[in-house]
Structures are given as structure tokens and as C-alpha cells.
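Input: a single structure, listed below in C-alpha cells.
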Amino acid sequence: MNRKQFIRSHGADCKNWTWSWSFVNHSSRFVIFGLWQDKKAGTLGLILDTDWKYLAGRKQSGYTQAVEHLRLVEDQNYGIYTFPMKGTPRYADRGENSPASIAEFIPELTEGRLVTLSEKWYVASLADGYETIAEVLDPEQMPDHFVEGAASTVLVNVYERNPEARKACLRHYGLNCRACGMSFGNLYGALGDGYIHVHHIKPIHLCGGNYVVDPIKDLIPVCANCHAMLHRRTDPLSIDDLKGILTRKHALPTG
């Protein structure tokens with residue numbers, strides 16, 4: 001399947017295929033963009049940059065159409081999907097955000113959320129988990145010296161987290177931190193919308209393999225800072241413990 005067949009299979013308009021960077025399905029109200037760089041989980045994927053408006057001094061018609069499609073997302077609540085594209089940047093001196101010549105693509109659509117920053121448009125995946133936390137290190141296990149940049153192999157236990165449990169937790173509690181009350185969306189705008197950690201009240205490594213998660217009793221949303229502080233001890237603090245610390249330190253309202 002080539003790209004044109006792939007896009008058409010999702011009901012999108014391909015009439016300007018030769019120079020299009022984006023496509024739209026008006027009947028289902030969504031647009032499709034290719035990601036110019038490979039996107040890692042938990043990161044923003046760049047889909048359009050104002051620097052791409054001109055190439056070799058010539059205005060790019062695809063840029064104008066892409067902006068029109070983004071307006072459908074911003075102003076008319078169209079959804080947005082992306083598919084990964086692999087290529088080599090056209091201008092090495094312009095860095096990783098320069099437009100790329102497409103070498104290949106992956107025929108998979110991923111629903112996302114548009115994030116508009118200064119002169120650039122990104123997409124964040126709705127499936128991103130944001131589960132990174134600070135590690136607790138035993139001082140006796142600390143090395144005598146540190147070497148940066150060396151390749152190494154680290155063996156760890158990996159515990160699978162259920163994304164549906166996370167969604168159920170956030171539907172119940174919302175996106176504000178349950179310890180300090182902050183909202184990434186309120187603080188950072190579009191960049192922070194939808195971003196929050198979900199904390200396992202009982203550490204997952206103590207639950208003994210597969211166990212049934214209660215999204216309301218076992219999970220709770222917290223900001224990245226509070227999540228790190230909860231895990232400052234090997235035996236994590238409780239939410240009430242942390243709220244007590246914050247209340248005493250900053251006279252936050254109780255409740």
C-alpha cells in the first residue's frame with residue numbers, strides 16, 4: 001500500500017497529493033498529518049514549522065493547506081491523527097526541525113492532541129502515560145565515581161500498567177494534582193493540557209505480579225513534583241502525608 005492508497009482508505013481528500021503535507025476527512029471531521037520525525041512515547045511530535053513555508057526561496061503550497069487544516073482542529077473541533085514518516089532532513093544546518101524528504105512511512109494512524117507553540121505545531125499522543133518517577137537510591141549502593149557517556153546495560157523489573165485503568169482514574173478524579181492542586185493545563189496552557197502522572201497508592205512492585213486494579217482506590221493523579229516526593233522514601237508517603245507537609249509549609253487550604 002502506498003501513501004495515497006493509505007490516506008484514501010481513511011476517507012481523506014488526496015486531490016492535491018503531489019505537494020500535500022496534510023489531509024482532511026470532512027465527513028468524519030478529522031485531519032491527518034505525517035510526523036516528520038520519529039516520535040518517542042511521552043514526547044511531542046513536530047508536524048509543522050513556520051520555517052517550512054519557503055523552500056529554496058519558493059513558497060510551499062502544502063504549507064498553506066496544512067495551516068488551513070490546523071485551523072479546522074483549533075476552531076472547529078476536528079480531530080487530528082498522525083502517521084510516522086522516516087526521512088533525512090533537507091538542510092543539516094537547520095537542525096532536526098527542518099522538513100524532511102520522505103523515505104518511507106508506516107501505515108498506522110494514531111489519534112493525538114494538537115499543541116500550538118511559538119511558530120510551531122506539535123501533536124501529543126492521547127496514549128502517553130507520563131509515568132516517570134524519581135528513583136530512590138540507597139546511599140550504600142552509590143558508586144565511588146561517576147562516568148558519563150559510557151554505554152551500559154541495566155537490568156530492571158518492568159511492570160505493565162493498564163492504560164484503561166489510568167483513563168478511569170482520571171475520569172473520576174480529573175487532571176489536577178490531588179496533593180498540591182496544580183493543573184499543568186492552567187499553568188502551561190496547551191503544552192500542559194492532559195498531562196498528569198498517575199500514582200499507584202500501593203507500589204506496583206509490592207502487588208505480587210498480576211493483580212486487579214481498582215482505578216478509584218488504587219490510583220490517584222499527582223503532578224510530577226508531588227509524584228517524585230511521594231517516592232522519596234523506599235516506602236512511599238501517602239497523599240495525606242504529603243498534603244500535610246504542604247499545608248504546614250505553605251499554609252495551603254485543607255480539604
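The conditions of being open to solvent by 20 Å² or more (accessible area, probe 1.4 Å), assigned to a helix (DSSP H, G or I) and at pLDDT 80 or above are not met by E111. Applying the condition of being at pLDDT below 70 and open to solvent by less than 40 Å² (accessible area, probe 1.4 Å) to region 13-25 and asking which residue is farthest from L46 (Cα to Cα) yields C14.
The values are calculated or read from the model by the stated rules, or taken from the named source; none is laboratory data. A quick note: this is a predicted structure, and the numbers were derived from the prediction, not measured. Accessible surface is based on the protein model in full, side chains and every heavy atom, while ligands, DNA and RNA are left aside. Shrake-Rupley method; radii C 1.70, N 1.55, O 1.52, S 1.80 Å.
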